1. Under 8 Å between Cβ atoms, which residue pairs at least 6 apart in sequence (or on different chains) link something in the range 294-308 that is at pLDDT 75 or above with a partner that is assigned to a strand (DSSP E or B) and small (Gly, Ala, Ser)?
2. Can you pull out the residues in the range 72-104 that are part of a loop (DSSP other than H, G, I, E, B) and among the β-branched types (Val, Ile, Thr)?
3. Of all residues in the range 157-192 being of a type in the set (Val, Ile, Thr) and modelled with pLDDT of 95 or more, which is surrounded by the fewest Cβ atoms within 10 Å (Cβ to Cβ)?
4. Of the conditions (1) closer than 22 Å to residue 12 by Cβ; (2) buried (at least 20 other Cβ atoms within 10 Å of the Cβ), residue 146 clears all except one; give me its number.
5. Would a scan of the range 169-182 turn up a residue that is touching a strand residue (DSSP E or B) at 6+ places or on another chain (Cβ under 6 Å) and among the polar types (S, T, N, Q)?
6. Could you run through the range 137-147 and say how many residues are under 16 Å from residue 183 (Cβ atoms) and either more than 19 Å from the chain's Cα centre (by Cα) or more than 10 Å from the ligand (Cβ to nearest atom) (or both)?
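The values are calculated or read from the model by the stated rules, or taken from the named source; none is laboratory data. Model, not experiment: these values are computed from the prediction. Positions of Cβ are backbone-derived with ideal geometry, glycine not excepted, and every protein chain shown enters the neighbour counts.
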Amino acid sequence: MMEDKNTIKDKSLVLVYKNVDDIDIVPLDAEAKKIYNCKFGVFPHSLFVGKQYGAQIWSADHKGFIYALRPTSQLLTASLAHRTQIIYATDISFIVASLELKSGSIVIESGTGSGSLSVSLARAVAPKGHLYTYEFNAVRAEQAALDFKKYGLDNIITVTKRDAINDGFLHDPSIAKIAHAVFLDLPNPWNAIPHAVKVMRPYARLCNFSPCIEQVQKCIEAMDKSGFIEVKTYECLSKHYNIQPTDIKSLSEMTDFGKRKKFPSEEQKKEGESTEQEATDSKKIKKMKKKGMATPYHSERGHTGYLTIAIYPQ
Ligand SMILES: C[S@@+](CC[C@H](N)C(=O)[O-])C[C@H]1O[C@@H](n2cnc3c(N)ncnc32)[C@H](O)[C@@H]1O
C-alpha cells in the first residue's frame with residue numbers, strides 16, 4: 001500500500017505558519033501531550049495529527065488559527081533562527097545543482113553558521129549520502145547539531161567543532177579523498193582550499209560563497225595554485241512577484257472603453273450623455289472577472305554573494 005505522505009502523523013516535523021515573517025518549526029509529540037502556544041491560542045499537538053499538510057488549524061481555545069505546513073528546505077531556511085548571515089533559497093538551489101548532489105553524495109562544508117545551507121545539502125544527499133560540516137564557534141556548532149536532530153537530519157549530518165583554516169577537515173582520517181563536493185562560506189576561504197583538496201575525490205567539485213569580489217579574486221588564485229579547472233563565478237539574482245486578484249482590464253476591454261474617443265462636450269454633459277456613458281462603463285466593470293496581477297515583491301533581496309564553482313581533477 002502507498003504511504004500517505006499528505007497526512008500529518010505524530011512525531012513528524014511541522015512548520016507552524018502564522019504569517020510570512022513568523023513561522024515556527026515544531027516537532028510533534030502528541031503522545032507526550034505536548035502543547036504549542038502562540039498569540040493565536042493554545043494548540044495541543046494532537047490537533048495536528050490526522051490533518052493534511054497545508055490545513056488551517058483552529059486553536060483549542062478558539063482564539064485564532066495557524067496553518068500547518070510541510071517542512072520544505074525553502075521554508076526551513078525562511079524559518080530557522082539566524083545566528084549568522086545565512087545562504088538563501090536562490091543561491092542554495094544553484095549550489096545544489098552545480099555541485100550535482102544526489103542521494104549518496106558525500107559533502108564537506110564550512111562554516112556551518114545557522115545551518116541554512118546544511119539542511120538543503122543534507123536533504124539533497126539523503127538517504128544514502130552524508131554531510132560533514134565544520135564550525136569553529138562552539139555555541140554555533142552545538143546549536144546546529146541540536147537543530148539537525150530536531151529536523152530528523154542527525155543521521156545524515158555530522159557537525160564538528162573545528163577550525164577549518166588552521167586544522168583542515170581531516171578530523172577523521174577516513175574522510176581523506178571521499179568528498180564528491182566541498183562548500184566554503186568563510187571569511188578567508190583561500191586558506192581552506194589546500195585543506196579541501198585533501199578530502200576531494202578526483203573530479204569532485206568545490207563551491208565558494210563570498211560576498212566581496214576581492215575575496216573571489218583571492219579564492220580563484222588559490223584554486224589555480226591547487227590545480228582546479230573549469231573555474232567559474234556566478235551571481236544569482238531572483239525576482240519574486242506577488243500575485244493578487246485585481247480589476248485590471250484586458251486589452252479587448254480597454255479597446256471597448258476606448259470607443260468613446262472624445263470627452264463629452266459641456267452640452268452633451270448637460271443632456272446627460274456623460275452620465276449614461278459612465279453608467280454603462282461601471283456596469284462593464286462590475287461584469288469583469290477578477291484577474292491575477294503580478295507585482296514585484298516589495299522587499300527584494302539584492303546582491304548576496306558570488307558563487308565560484310570549480311572542478312578538482314586529481
Ligand atoms: C556566514 S556563516 C555561514 C552561514 C551558513 N552558510 C548558513 O547558510 O547558515 C560563516 C560561519 O563560518 C564560521 N567560521 C569562520 N571561520 C571559520 C573557521 N576558520 N573554521 C570553521 N568555521 C569558521 C563562523 O563562525 C560562521 O558561523
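1. Hits for this filter: 305/210; 306/210; 308/210.
2. Initially, the range 72-104 is screened for residues part of a loop (DSSP other than H, G, I, E, B), giving 72, 80-88, 99-104.
72, 84, 86, 87 - these are the residues of the range 72-104 that are part of a loop (DSSP other than H, G, I, E, B) and among the β-branched types (Val, Ile, Thr).
3. Keep residues of the range 157-192 that are of a type in the set (Val, Ile, Thr), which gives 157-160, 165, 175, 178, 182.
Adding the requirement that they be modelled with pLDDT of 95 or more leaves 157-160, 165, 178, 182.
Numbers: 157: 26, 158: 16, 159: 25, 160: 19, 165: 19, 178: 14, 182: 27.
That would be 178.
4. Only one criterion is unmet by residue 146, namely (2).
5. No; the residues of the range 169-182 include none that is touching a strand residue (DSSP E or B) at 6+ places or on another chain (Cβ under 6 Å) and among the polar types (S, T, N, Q).
6. First pass over the range 137-147, keeping only residues under 16 Å from residue 183 (Cβ atoms): 144.
Next, only the ones that are either more than 19 Å from the chain's Cα centre (by Cα) or more than 10 Å from the ligand (Cβ to nearest atom) (or both) stay: none.
So the count comes out to 0.
Listed here are the residues, each with its yes/no results for (1) assigned to a loop (DSSP other than H, G, I, E, B); (2) over 18 Å from the mean Cα position of the chain (by Cα); (3) away from the ligand (no atom under 14 Å from the Cβ).
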| site | (1), (2), (3) |
| --- | --- |
| 114 | yes, no, no |
| 118 | no, no, no |
| 122 | no, no, no |
| 134 | no, yes, no |
| 149 | no, yes, yes |
| 164 | yes, yes, no |
| 195 | no, yes, no |
